[in-house]
Amino acid sequence: MITKLEALSFLKEHQPMPNDDEIKENEIKEYEEVREYFINNPDEQCVPLFLNSFGGKDGLGVYQMVEDVILMYDSEIVLPHILKALDSTYEGVKYWGIQISSNFPSECLFNPLVNLLKLKDEDIKLATITAIAQLALNNIKKEEVINILEKEYKRISDEDIKEFTEEVLLDIQNSTL
């Protein structure tokens, strides 16, 4: 059984975790043990550490489960750390910060998310479009989001991303929140 000090220490030492092709099995097992520890023993000290722990890709399937930990906390605790994650130089931290931001729609995320639309990475672009849509679906800058996504739609060359953006726009326009 891991202790709080060991769990926090592990996260502090892994800012971020190695990329999936470099990660050792014992590291991801310990990461999962730390995640389970904080599910069972909530402590807001883990929020910034988890949000900055994401290495490249999906952490061998474990990263998406970190959201369960983050969702235990109120927006006031999480949003400042999401904003830092969105500004990270690490792609994994940025990507998962965007993913998790969808669960915390707030006006303070609008400009950082709009800026992330400029990035070329397809995964980041898709996650960003989803997160921006969540703002609109929660009646946060809905008209601005629609305008931005319509402009983005015209700039997108990848057919899959273009189709996804079109579906998102239709969802927003058909929403009655």
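The values are calculated or read from the model by the stated rules, or taken from the named source; none is laboratory data. Bear in mind that the values here come from a model prediction, so they are computed numbers and not experimental data. Ideal geometry is used to build each Cβ from the backbone, glycine not excepted, and the neighbour counts take in all protein chains shown. Side chains are part of the model used for accessible areas, which takes the heavy atoms of the whole protein and leaves out ligands, DNA and RNA. Shrake-Rupley method; radii C 1.70, N 1.55, O 1.52, S 1.80 Å.
Round to the nearest 0.05 the FRET efficiency obtained for MET1 and ARG155 when R0 = 41 Å and r is the Cβ-Cβ distance.
Approximately 0.20, to the nearest 0.05.
With springs only between Cα atoms under 10 Å apart, run a GNM on the chain and tell me which of VAL62, VAL93, VAL78 wobbles the most.
Ranking VAL62, VAL93, VAL78 by mean-square fluctuation puts VAL62 first.
Can you give the FRET efficiency to the nearest 0.05 for GLN45 and ASP171, using r as the Cβ-Cβ distance and R₀ = 30 Å?
0.25
Using a 1.4 angstrom probe on heavy atoms only, work out the carbon and sulfur share of the accessible area of the stretch 1-118 in %.
Roughly 48 percent of what the probe reaches on the stretch 1-118 is carbon or sulfur.
Can you check what the net charge comes to around GLU30, using other residues whose Cβ is under 11 Å from the Cβ of GLU30 (Lys, Arg +1; Asp, Glu -1)?
Details: positive: LYS24, LYS29, ARG35; negative: GLU6, GLU13, GLU25, GLU27, GLU32, GLU33, GLU36.
Result for the neighbourhood of GLU30: -4.
Over the chain, what relative contact order in percent results from Cα pairs under 8 Å that are six or more residues apart?
Worked out over the chain, it gives 16 percent.
What is the distance in Å between the Cα centroid of the stretch 47-116 and that of the stretch 138-161?
About 21 Å separates the Cα centre of the stretch 47-116 from the one of the stretch 138-161.
How many nm separate the modelled label positions at LYS118 and LEU79, each set 7 Å beyond the Cα in the direction of the Cβ?
With each label placed 7 Å out from Cα toward Cβ, I get 2.4 nm.
Once fully extended, how much extra length lies between MET72 and CYS108, figured as 0.36 nm per residue of separation less the alpha-carbon to alpha-carbon distance?
That works out to 11.0 nm of additional length.
Relative to the Cα centre, what is the charge dipole magnitude of the stretch 113-154, using +1 at the beta carbon of each Lys and Arg, -1 at the beta carbon of each Asp and Glu, and rounding to the nearest 20 debye?
Dipole about the Cα centre, nearest 20: 100 debye.
Which sequence of ARG35, ARG155 reflects their accessible areas, 1.4 Å probe, from the largest down?
ARG155, ARG35
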